[in-house]
């Protein structure tokens, strides 16, 4: 019975293409997620990799990422929206707090926790610090960094629905509106779309990870 | 109509019903239920839904009954309407506060009643046999479309009926269900020929985010509850509703007929008569505002002030 209702929901005229339809909500969802992940990567990856390369800052990074992970996103979203008003700034900041932690810790750990013998071997061959970083440390750390990115992607894609709590779009619109109207078909459809989106993105990133990883450590 | 039972409540109510059902089967025939002993003592049990104003109202009923030396106890936070109406029908509680319009729509979603009187006249016909709606209070808690007073004055707006020429020029923020409910966007279009330039769904039930959006001028019109203490500020103006788009929501004591004596019913109607929207705003302010007074404290203070010990 739920399957019939779901089918009817997905096949209703305009369900995909109308304003507020599935394609629009998917695009919004991807846009919010992409924006947050791009900003978080720009901030967290260079910082984490650099600190890992220098081998310092582990204490502060652990404390910071732990604190960021503990922040409740809905609370943060409400607080920031009260301060900054409606718009994209408050939700992007709230989601950044969520995305920074896995990226920062994986970038740091990936570089800092490499076998010291490898670094010594590279330096003994006369590599400069820069060569060590780009030719040894980064390629070896890549699987862990990509793991952090996949982790962050899943968390962000699964949390972007919260943005529908305020006046933004994304697939969360169906969840929040469906709950408000007790339209459970709409909610199940949203859950399905979200799960598929998360799986698809993770599969894509897994492929990218495989392609980028040096053949020697595959 | 889900104004008074936001989403989380519905889920909790579902859980409550499920566990309640289990407990009922387990308790068997000794008259005890999930919510306590039914009808065994002379203490009136007053239930309430699980949001602050409902708990406050239950405490007001209890305080008024005690003021007249009748025994009363409250059972706060029973869940959504599904849950507390079921408990009331079983006699697990004797009284619950409710809202006339939403109660009617819950019992008869096709009702055509519009005015407060029509709602009260329609109720006896659709209530279960053993329940009765006592005389309602003047106090109402209903959806109210609100603008900033300065903006409304500048545009010469006082009522929803003035909105038609501005259709497509003013934005509106409300809970998400407003987009599809009959009193929401479809009703605004049907009754007042008004469509907002944009609809901004904000899911905090007319809470601080909605209010801030109006105050900062990010939207022109918002949907708030009429007992929201913020509406006492001259900063805001409630748009009149001459076309009866929004159903009246008078507060009334809903009682189980056999469990409530005539004397108790009279006390409940007397205290209801004293309860105005203004008074309820003040009490809500004490409970949810900076003071965070307990509903019981706020209720007994107010009843002590306004309700004489002897009739």
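The values are calculated or read from the model by the stated rules, or taken from the named source; none is laboratory data. Predicted model only: the values in this text are computed from it and were never measured. Don't worry about glycine lacking a Cβ; one is built from the backbone with ideal geometry, like all the others, and counts go over all protein chains shown.
If you scan the range B:218-231, which residues turn out to be farther than 20 Å from residue B:159 by Cβ and either assigned to a helix (DSSP H, G or I) or within 11 Å of chain A (Cβ to nearest Cβ) (or both)? B:218, B:229, B:230, listed by residue number. Assess whether residue A:173 counts as being crowded, with 19+ Cβ neighbours inside 10 Å and within 14 Å of another protein chain (Cβ to nearest Cβ). So residue A:173 passes the test.
Among the residues of the range B:198-217, those that are within 7 Å of chain A (Cβ to nearest Cβ) and touching a helix residue (DSSP H, G or I) at 6+ places or on another chain (Cβ under 8 Å) comprise B:200, B:201, B:202, B:203, B:208, B:209, B:212.
Looking across the range B:160-182 at every residue that is more than 24 Å from residue B:211 (Cβ to Cβ) and surrounded by 13 or more Cβ atoms within 10 Å (Cβ to Cβ), the one that is farthest from the other protein chains (Cβ to nearest Cβ) is identified as B:161. Of the helices (runs of 4 or more DSSP H) lying entirely inside the range A:115-196, those containing at least 1 residues that are closer than 28 Å to residue A:99 by Cα, touching a residue at least 60 places away in the same chain (Cβ under 8 Å) and touching a strand residue (DSSP E or B) at 6+ places or on another chain (Cβ under 8 Å) span A:172-180. Scanning for something in contact with a strand residue (DSSP E or B) (Cβ under 7 Å, 6 or more places away or on another chain) and not assigned by TED's automatic domain parsing to the domain that holds residue B:225, does the range B:291-304 turn up at least one residue? No: the range B:291-304 contains no residue that is in contact with a strand residue (DSSP E or B) (Cβ under 7 Å, 6 or more places away or on another chain) and not assigned by TED's automatic domain parsing to the domain that holds residue B:225. In summary, helices (runs of 4 or more DSSP H) completely within the range A:1-100 and bearing 3 or more residues that are closer than 28 Å to residue A:138 by Cα occur at A:22-54, A:58-70.
Residues in the range A:182-193 include at least one that is crowded, with 22+ Cβ neighbours inside 10 Å and within 14 Å of chain B (Cβ to nearest Cβ).
Is it the case that the range B:32-47 has a residue that's within 14 Å of another protein chain (Cβ to nearest Cβ), surrounded by fewer than 20 Cβ atoms within 10 Å (Cβ to Cβ) and modelled with pLDDT under 95?
No.
If you filter the range B:183-197 down to residues that are modelled with pLDDT of 95 or more and not in a helix (DSSP H, G or I), you find that the one that is farthest from the other protein chains (Cβ to nearest Cβ) is B:193. Within the range A:50-63, residues that are on the phi > 0 side of the Ramachandran plot have Cβ atoms under 6 Å from residues that are surrounded by fewer than 15 Cβ atoms within 10 Å (Cβ to Cβ) and modelled with pLDDT under 95 in no pair, counting only partners at least 6 apart in sequence or on another chain.
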